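The values are calculated or read from the model by the stated rules, or taken from the named source; none is laboratory data. This one's a predicted model, so the numbers in the text were calculated from it and none came from an experiment. Using ideal geometry, Cβ is built from the backbone for each residue, glycine included, and neighbour counts are taken over all protein chains shown.
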Amino acid sequence: MLMQFRSAKKVRTTVYISDPLEPGEDALTIMDVLGDDRDIAEEAEQRQEREQVGAAFRRSLHGRDKEVIDMRYGFDGKHPQTQQAVAAALGISRSYVSRIEKKALEKLRREIDQENT
């Protein structure tokens with residue numbers, strides 16, 4: 001496959017994953033060789049959405065709201081925790097964690113909706 005990339009690079013500057021590896025009607029494409037069924041456009045959209053949520057998280061939440069959402073959903077590569085684990089770590093009740101989480105998520109939702117309009 002590397003040989004294909006190198007030879008294609010000499011001929012033209014852009015290589016697409018849908019390009020055939022060899023001439024012919026039923027030739028394998030680079031996508032076939034990679035053997036991945038993921039939709040690249042969908043992945044890019046999901047990455048963009050994660051970045052948008054992360055930016056809204058950093059911009060709009062502060063204090064305990066930010067701490068609870070960070071612990072619950074594992075921002076910055078942390079592992080998500082249960083409401084019970086968050087409650088124990090913060091020394092508050094699980095129901096209070098639930099109320100904080102609900103309020104903070106609504107605030108994030110509003111922030112993201114404002115960005116998208």
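Of the residues that sit in segment 27-49 and are part of a loop (DSSP other than H, G, I, E, B) and at pLDDT 75 or above, which one is farthest from residue 75 (Cα to Cα)?
Filtering first and then ranking leaves 27.
Just to be sure I understand, how many residues within segment 79-95 are closer than 14 Å to residue 67 by Cβ and polar (S, T, N, Q)?
Qualifying residue count, segment 79-95: 2.
A quick yes/no check of all residues on (1) under 26 Å from residue 112 (Cα atoms); (2) surrounded by 13 or more Cβ atoms within 10 Å (Cβ to Cβ):
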{"position": "32", "(1), (2)": "no, yes"}
{"position": "49", "(1), (2)": "yes, no"}
{"position": "60", "(1), (2)": "yes, yes"}
{"position": "64", "(1), (2)": "yes, yes"}
{"position": "76", "(1), (2)": "yes, no"}
{"position": "83", "(1), (2)": "yes, yes"}
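Please count how many residues of segment 85-95 are assigned to a helix (DSSP H, G or I) and more than 28 Å from residue 114 (Cβ to Cβ).
Qualifying residue count for the region: 7.
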